[in-house]
Amino acid sequence: MANLLWLEGSACSGNTMSFLTAEQPDVIDLLTQYGIKLSWHPSLSLESGHAVSKLLNEFIEGRNTLDILVIEGAIAQGPHGTGKYDVFCERPFKDWVSDLSKVAHIVVAVGDCACFGGVPAADPNPTDATGLQFHKTQKGGFLGASYVSRSGFPVINVSGCPAHPDWITQTLIGAVTRPNDLLLDEYHRPRDLYSTTTHTGCTRNEYFEYKIGSETLGCKEGCLSVNFGCQGHYTHSSCNRILWNGHSSKTRAGVPCFGCTEPEFPTFNYFKTAKRMGIPKKAPLGVPQLPYIAAAGVSKLAAPERLKGKLIKGRP
Ligand code: SF4
Ligand code: SF4
């Protein structure tokens, strides 16, 4: 059995809530069918206080094998590098992470805060929070750019706010059963899950093509990037390929993608679209700016009446 230890730093427990709703596979299957033993989890385990320190020290001292270390939440380094803004089992949380990452065979960061610093690391970052191996887009973070776990892997980042439940369980299975097949992108996210954008599979793609915008949040028609700042066309996620709760996503529910899987998250211009000549300024991922503006202008002129007529005012 592979021992899995889940610890939580500066976080809201959103990724734990997400993890518990996994379906492909669900948490029970994960723990009964794939040879994973949950050694401890802050919300799911009964042990607390000294019993937890004892368990963690057994891993650190080599009396037990730590196969997978999962970290949820950012690492608080302040004040003045002491880590005392976040104390866990009588030690700064960062010191536990430092010791455990040296003995872990695989380290997985779950959620944007653990991956890149996320919300706790947003300006003015009073706790000097950072991600495990990235600080926003900058490689390094708490463990440093050259860190590799005992199995020779960098920190595997399952980003998102929260990360999709099935991305978490599928990555953990991959890490245990076939780690060498886990190909990572430049921000250490599994490519299978993060190589396409939220835009891929979005039901509003035809509206995007002709720059026909949704008129209200929550409506079923129109593209949410024209008026409501949807970042789906440049955000790496499989939210519209692997649906949430098996049947929906933000854009399907009429809410713009906020780009929560990206290292820059959170940004501060939600629900707003910067435009030039009535066309959203930012080009889709990989599309050069000038050809995009020209093509989008022509497409807007060619927008078919059948689509414009489908826009529904008000909530569905
Ligand atoms: S709503 Fe967002 S994800 Fe969907 S088509 Fe428009 S830009 Fe793409
Ligand atoms: S749709 Fe966008 S903001 Fe929502 S979970 Fe997916 S990547 Fe994050």
Mean Cβ neighbour count within 10 Å, used as a protection proxy, ranking 268-279, 52-63 highest first: 52-63, 268-279
Taking θ as phi - 60°, what are the ³J(HN,Hα) couplings along segment 75-88 by the Karplus curve (6.51, -1.76, 1.60), each to the nearest whole Hz, with x for Gly and Pro? 9, 7, 9, x, x, 6, x, 7, x, 6, 5, 9, 9, 9
What length, rounded to one decimal in nm, is gained on full extension from His80 through to Glu47, with 0.36 nm per residue of separation minus their alpha-carbon distance? 8.8 nm
Which net charge results when you count Lys and Arg as +1 and Asp and Glu as -1 among the other residues whose beta-carbon is under 11 Å from that of Asp181? +1
Expected output is a single nm value to one decimal: the length gained when fully extending between Thr216 and Arg306, i.e. 0.36 nm times separation in residues minus the C-alpha distance. What is it? 30.5 nm
The chain - percent relative contact order, Cα under 8 Å, separation 6 or more: 15
Among the helices of the chain (complete DSSP H runs), which have Cα atoms covering no less than 20 Å along the helix axis and a Kyte-Doolittle mean of at least -0.5? none
Could you list which residues have their amide H under 5 Å from that of Val87, counting only those 5 or more apart in sequence or on another chain, with H placed in the peptide plane? Phe93
Once a ≥ b ≥ c are taken as the square roots of the eigenvalues of the Cα gyration tensor of segment 116-223, is the result rounded (a/c under 1.5), prolate (a/b larger than b/c) or oblate (a/b not larger than b/c)? oblate
Segment 100-191 - charge dipole about Cα centre, Lys and Arg +1 at Cβ, Asp and Glu -1, debye rounded to 20: 300
Net charge within 14 Å of Gly201 by Cβ-Cβ distance, Lys/Arg positive one each and Asp/Glu negative one each, not counting Gly201 itself? +3
For segment 2-190, rounded, prolate or oblate, judged on the Cα gyration tensor with a ≥ b ≥ c (square roots of eigenvalues), a/c < 1.5 rounded, else prolate if a/b > b/c? rounded
Rank these for me by crowding, Ile28, Ile168, Ile71, going from fewest to most other beta carbons within 10 Å. Ile28, Ile168, Ile71
For Glu186 and Leu243, calculate 0.36 nm times their separation in residues minus their Cα-Cα distance, and state this gained length in nm to one decimal. 18.1 nm
Kindly provide the helix-only [θ] at 222 nm of the chain, computed as the sum of -39,500 (n - 2.57) over DSSP H runs of four or more divided by all residues, to the nearest 500 deg cm²/dmol? -7000 deg cm²/dmol
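Every number here is computed from the coordinates shown, using simple stated rules; none is lab data. Everything quoted here is computed from the prediction, not taken from an experiment. Note: ideal-geometry Cβ built from the backbone for every residue, glycine included; neighbour counts use all protein chains shown.
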